[in-house]
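Peer 1: I'd like to ask some things about the structure below.
The values are calculated or read from the model by the stated rules, or taken from the named source; none is laboratory data. Since the structure is predicted, the reported quantities are computational estimates derived from the model, not experimental observations. All Cβ positions, glycine included, derive from the backbone under ideal geometry; neighbour counts span all protein chains shown.
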Amino acid sequence: MSTAQLHSEGGRAPSIHAARACIEIDNVSLRYFTKQGETQALAGISLDIAAGEFVSIIGQSGCGKSTLLSIIAGILSPSDGCVRIDSKPVTKPSPRIGYMLQQDYLYEWRTILDNALLGAQIQKRDMKEARERAMHLLEKCGMGDFINHYPRALSGGMRQRVALARTLVTNPDVVLLDEPFSALDSQTRLAIADEVVDVLRSEGKSVVLVTHDIGEAIAMTDRVIVLSRRPGRIKSQHLMRFPSFGGGHPTPFEARSLPEFNTYFATLWDELDVHVEG
Ligand code: ADP
Ligand code: MG
């Protein structure tokens, strides 16, 4: 077992912070029922995520990553088990939880600022306050000069930054990111990762990032959870620690050049057990 590996199959994965667990995933399983039959997507997932912690979930396509995020978001109900946020069971979507998807879902006919305000409008927030926060967040995401532009004038990376600002305008405590950069080219992904982590950390959010990109998981998060093939179970988890950096968090870009990065990469690659088919 590697020094960074905490648990193997089955056990409850504890949070790394002493603070109260912000998200508790308690023995969650999910079965989908369709005309073709039953698909068990998740089996017995238990995981605690502390307030302010950054966790990533990696696993092969179809292992249940998006299903797990939808359960945390309150969009899907688990077949067994339960998710609690600050000890309260999640039964439906809540403003405390922000969910950002792979596609940016920006409205082409709304300006960048108006797109960023969409969630606040739906939640009937104080719009003066929301506007100020949207401007502040767009500025922080490097989009300050574009607030009156329309999405069509923006690159993919810029659109994702707007989508992130929109997710954060309503100030959710928990931010769920489902492969948010997978539509971007690799240079843009690298550039945007630093900004996204910076914004999320400075906002003190608890973050769950789903990705199939091992490097992204290592560079961006405090802890990497590996799911097995379907039905998804927790196969192992690994704390990302960079002693060679000498304290504090390296940025994702810095993390990639540290010796620990390659060690973690090799370990996680083995864990993922990737096979090229064909
Ligand atoms: P991942 O995000 O890891 O790629 P998903 O959570 O999307 O995986 O899906 C897990 C499994 O559940 C897959 O086998 C998928 O085909 C199945 N699945 C996902 N959504 C549904 C659904 N709405 N109905 C039936 N099966 C589904
Ligand atoms: Mg998915």
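Peer 1: Taking region 29-53 on its own, how many of its residues are buried (at least 21 other Cβ atoms within 10 Å of the Cβ) and over 30 Å from Leu239 (Cβ atoms)?
Peer 2: 0
Peer 1: I need a count of the residues in region 215-263 that are surrounded by fewer than 19 Cβ atoms within 10 Å (Cβ to Cβ), within 23 Å of Gly204 (Cβ to Cβ) and hydroxyl-bearing (Ser, Thr, Tyr).
Peer 2: So the answer is 1.
Peer 1: Quick check on this structure: which one of Arg201, Arg159, Arg166 is farther than 26 Å from Cys22 by Cα and touching a residue at least 40 places away in the same chain (Cβ under 8 Å)?
Peer 2: Details: Arg201 fails: farther than 26 Å from Cys22 by Cα; Arg166 fails: farther than 26 Å from Cys22 by Cα.
Going through Arg201, Arg159, Arg166 in turn, just one is farther than 26 Å from Cys22 by Cα and touching a residue at least 40 places away in the same chain (Cβ under 8 Å): Arg159.
Peer 1: Being within 16 Å of ligand 2 (Cβ to nearest atom) and not aliphatic (A, V, I, L, M) narrows it down to one of Gln123, Gln102, so name that one.
Peer 2: Details: Gln123 fails: within 16 Å of ligand 2 (Cβ to nearest atom).
Selected residue: Gln102, the only one of Gln123, Gln102 that is within 16 Å of ligand 2 (Cβ to nearest atom) and not aliphatic (A, V, I, L, M).
Peer 1: Within region 60-85, which residues are within 12 Å of ligand 1 (Cβ to nearest atom) and on the phi > 0 side of the Ramachandran plot?
Peer 2: If the condition is that a residue be within 12 Å of ligand 1 (Cβ to nearest atom) and on the phi > 0 side of the Ramachandran plot, then Gly62, Gly64 are the ones that fit.
Peer 1: Still on this structure, please answer the following. Identify the residue in region 179-202 that is within 21 Å of His249 (Cβ to Cβ) and in contact with a Lys or Arg (Cβ under 9 Å, 6 or more places away or on another chain) and, among all such residues, is farthest from ligand 1 (Cβ to nearest atom).
Peer 2: First, pick out the residues of region 179-202 that are within 21 Å of His249 (Cβ to Cβ): 180-181, 189-202.
The next check asks that each one be in contact with a Lys or Arg (Cβ under 9 Å, 6 or more places away or on another chain); those that pass are 181, 190, 192, 195-196, 198-199, 202.
Numbers: Phe181: 15, Leu190: 23, Ile192: 21, Glu195: 25, Val196: 20, Asp198: 26, Val199: 24, Ser202: 28 Å.
Checked region 179-202; the qualifying residue farthest from ligand 1 (Cβ to nearest atom) is Ser202.
Peer 1: Does Lys88 meet the test of being more than 13 Å from ligand 1 (Cβ to nearest atom), assigned by TED's automatic domain parsing to the domain that holds Ser182, surrounded by fewer than 18 Cβ atoms within 10 Å (Cβ to Cβ) and at negative phi?
Peer 2: On the way: more than 13 Å from ligand 1 (Cβ to nearest atom): yes; assigned by TED's automatic domain parsing to the domain that holds Ser182: yes; surrounded by fewer than 18 Cβ atoms within 10 Å (Cβ to Cβ): yes; at negative phi: yes.
Answer is yes for this residue.
Peer 1: Looking at region 104-128, which of the residues that are modelled with pLDDT of 95 or more and of a type in the set (Asp, Glu) is farthest from Glu179 (Cα to Cα)?
Peer 2: Asp114
Peer 1: Can you give me the number of residues within region 19-59 that are more than 9 Å from ligand 1 (Cβ to nearest atom), more than 19 Å from Ser206 (Cβ to Cβ) and among the hydroxyl-bearing types (Ser, Thr, Tyr)?
Peer 2: The total comes to 1.
Peer 1: What tally of residues in region 34-66 results from selecting those that are in contact with a Ser or Thr (Cβ under 8 Å, 6 or more places away or on another chain) and under 14 Å from Pro231 (Cβ atoms)?
Peer 2: 8
Peer 1: Mind telling me which of the residues Leu117, Leu176, Leu138 ends up being within 16 Å of ligand 1 (Cβ to nearest atom) and surrounded by 20 or more Cβ atoms within 10 Å (Cβ to Cβ)? Reasoning before the result, please.
Peer 2: Numbers: Leu117 fails: within 16 Å of ligand 1 (Cβ to nearest atom); Leu138 fails: within 16 Å of ligand 1 (Cβ to nearest atom).
Unique residue meeting the criteria: Leu176.
Peer 1: Of everything in region 57-85, what is out of contact with any Lys or Arg (no Cβ under 7 Å at 6 or more places or on another chain) and more than 16 Å from ligand 2 (Cβ to nearest atom)? Give them in sequence order.
Peer 2: Applying the first criterion (out of contact with any Lys or Arg (no Cβ under 7 Å at 6 or more places or on another chain)) to region 57-85 yields 58, 61, 65-73, 75-78, 80-84.
Once the filter is applied, which keeps residues that are out of contact with any Lys or Arg (no Cβ under 7 Å at 6 or more places or on another chain) and more than 16 Å from ligand 2 (Cβ to nearest atom), region 57-85 yields Ser77, Pro78, Asp80, Gly81, Cys82, Val83, Arg84.
Peer 1: Right, next: Is it the case, given these coordinates, that Ile97 is touching a Cys at 6+ places or on another chain (Cβ under 7 Å), closer than 30 Å to Ile192 by Cα and away from ligand 1 (no atom under 11 Å from the Cβ)?
Peer 2: So Ile97 fails the test.
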